[in-house]
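Engineer: The structure under discussion is supplied below as structure tokens; questions concerning it will follow.
FYI, it's all coordinate maths here, none of it is from the lab. Small disclaimer: the values here were computed from a predicted structure and weren't measured. Please note: Cβ atoms are built from the backbone with ideal geometry, for glycine as well, and neighbour counts cover all protein chains shown.
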Amino acid sequence: MVNAIALLGRYVIDVISRIGIFFKLFFSLLAQSFIVFQRPRLVTEQVHFIGNYSLSIIAVSGLFVGFVLGLQGYNTLSMYGSEEALGLLVALSLVRELGPVVTALLFAGRAGTSITAEIGLMKSGEQINAMDVMGINPLRRILVPRFWGGIIAMPVLAAIFSAVGIIGGWFVGVVLIDVDTGAFWSQMQSGVDVFHDVLNGVIKSVVFGVAVMLVSLFEGWYCQPTPEGVAKATTRTVVRASLLVLGLDFIMTALMF
């Protein structure tokens with residue numbers, strides 16, 4: 001019994017300690033963020049690396065999510081004689097919820113694991129120690145540009161996901177099922193509010209970007225510098241970032257809507 005209590009206490013202390021280290025890293029990144037203005041090219045390179053290489057999977061996923069929303073939405077709305085509201089249903093589903101959330105999950109699987117593995121390999125190859133010896137702050141040079149690059153790329157990717165998804169819903173609803181195209185777009189235009197719906201979706205995507213990038217950088221920065229340690233860190237990145245995104249989504253949805 002005593003051993004079980006001791007193990008539980010050690011586990012709780014370890015969790016609290018890791019949470020403290022997590023937020024310490026977050027505040028350190030914010031404190032070193034002035035390099036974004038001194039050397040903006042570092043951030044633009046990361047935006048290209050993170051955003052451009054994630055664009056294909058985001059766009060294709062958004063298109064098929066739009067297809068599914070068009071089919072499911074039509075089947076549901078036709079039961080109540082409201083097929084003309086299909087555009088509104090597709091737009092609200094994507095802008096409010098599916099766009100930011102699904103993009104963040106794909107973002108964690110594609111960009112998050114890549115960043116964790118990259119930093120972990122730098123650590124195992126002692127490149128970070130070499131930069132420290134040369135008087136270069138590795139946190140400011142490596143982590144901060146990736147942090148802000150991911151935060152900038154995430155809302156753009158979420159917007160592309162939602163836009164492509166709406167096109168997919170339009171194709172299924174108007175072209176294949178023959179919903180009136182004027183009703184499709186007019187219902188969407190009158191029902192989607194820029195501030196209440198679109199802006200809240202953008203806020204969600206920014207928060208998700210911060211969460212995914214923090215988890216990715218934290219796991220890469222503090223992983224064991226071995227091939228096995230890097231592999232475990234990339235796995236933890238996907239799991240923890242996905243769970244964090246879903247938890248934050250519930251909290252923000254309850255507060256916003």
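Engineer: Treating the beta-carbon of each Lys and Arg as +1 and of each Asp and Glu as -1, no other charges, what is the dipole magnitude of the chain about its Cα centre, to the nearest 20 debye?
Structural biologist: Numbers: 15 positive and 15 negative charges, 232 e Å.
Dipole size: approximately 1120 debye.
Engineer: Here is a further query. Using the Karplus curve 6.51 cos²θ - 1.76 cosθ + 1.60 with θ = phi - 60°, what ³J(HN,Hα) values do you get for each residue of the range 137-143, in whole Hz, with x for Gly and Pro?
Structural biologist: 6, x, 5, 6, 7, 9, 7
Engineer: Calculated FRET efficiency, Phe250 and Leu63, Cβ-Cβ r, R0 25 Å, to nearest 0.05?
Structural biologist: Details: r = 27 Å, r/R0 = 1.06.
According to the calculation, E is roughly 0.40.
Engineer: Ok, one more. Looking only at Val12, Val164, Val47, which one moves most when the chain is put into a Gaussian network model with springs between Cα atoms under 10 Å?
Structural biologist: With Cα springs under 10 Å in the chain, the top fluctuation among Val12, Val164, Val47 is at Val12.
Engineer: Do me a favour and compute the ellipsoid semi-axes for the range 32-256 from its Cα gyration tensor, root of five times each eigenvalue, largest one first, whole Å. Working shown, then result.
Structural biologist: Working: eigenvalues 313, 53, 39 Å².
So the three semi-axes of the range 32-256 are 40, 16, 14 Å.
Engineer: List residues of the range 208-239, by number, whose backbone nitrogen lies under 13 Å from a label position 7 Å along Cα→C-beta of Gln32.
Structural biologist: What the label zone holds, given the 13 Å backbone N cut-off, is 217-218, 221-222.
Engineer: Quick one: Cα centre-to-centre distance for the range 142-179 and the range 40-63, in angstrom?
Structural biologist: Computed from Cα coordinates, the inter-centre distance equals 11 Å.
Engineer: When Lys and Arg each count +1 and Asp and Glu each count -1, what net charge do the other residues less than 14 Å away from Thr181, Cβ to Cβ, add up to? Don't skip to the answer; put the middle values down first.
Structural biologist: Values: positive: none; negative: Glu83, Glu84, Asp178, Asp180.
The answer is -4.
Engineer: A further question on this structure: Choose one answer from Ala91, Ala31, Ala158: the residue with the largest mean-square fluctuation in a GNM of the chain with alpha-carbon springs under 10 Å.
Structural biologist: The residue that fluctuates most here is Ala31.
Engineer: Once R0 is set to 35 Å, what does the formula 1/(1 + (r/R0)^6) return for the Cβ-Cβ distance between Ala6 and Thr235, expressed as a FRET efficiency to the nearest 0.05? Please list the in-between numbers first.
Structural biologist: Values: r = 28 Å, r/R0 = 0.81.
Plugging the Cβ-Cβ distance into 1/(1 + (r/R0)^6) gives 0.80.
Engineer: Note down the nm distance, to one decimal, between modelled labels 7 Å out along Cα→Cβ at Met131 and at Phe171.
Structural biologist: So the two model labels end up 4.1 nm from each other.
Engineer: What are the residues whose amide H is under 5 Å from the amide H of Val179, where those residues sit 5 or more places off or on another chain and H is modelled from the backbone?
Structural biologist: Those qualifying (amide H under 5 Å, at least 5 residues apart or on another chain) are Val174.
Engineer: Which residue fluctuates the most in the chain, going by a Gaussian network model with Cα springs under 10 Å, if the choices are Leu77, Leu217, Leu63?
Structural biologist: Among Leu77, Leu217, Leu63, the largest GNM mean-square fluctuation belongs to Leu77.
Engineer: Helix hunt in the chain: which complete DSSP H runs extend at least 27 Å axially by C-alpha with mean Kyte-Doolittle at least 0.0?
Structural biologist: Values: long enough: 2-31 (43 Å, 1.57); 55-78 (34 Å, 1.46); 144-170 (40 Å, 1.53); 200-221 (31 Å, 1.45); 227-256 (43 Å, 0.94).
Qualifying helices: 2-31, 55-78, 144-170, 200-221, 227-256.
Engineer: Right, another one. Tell me, what is the percent relative contact order of the chain, built from C-alpha pairs under 8 Å that lie six or more residues apart? Before the final figure, lay out the partial values.
Structural biologist: On the way: 321 pairs, mean separation 82.6, N = 257.
Relative contact order for the chain comes out at 32 percent.
Engineer: Kindly put Leu89, Leu8, Leu244 in sequence by how many other C-beta atoms sit within 10 Å of each C-beta, fewest to most. Please report the intermediate quantities before stating the final value.
Structural biologist: Numbers: Leu89 22, Leu8 10, Leu244 17.
Result, fewest neighbours first: Leu8, Leu244, Leu89.
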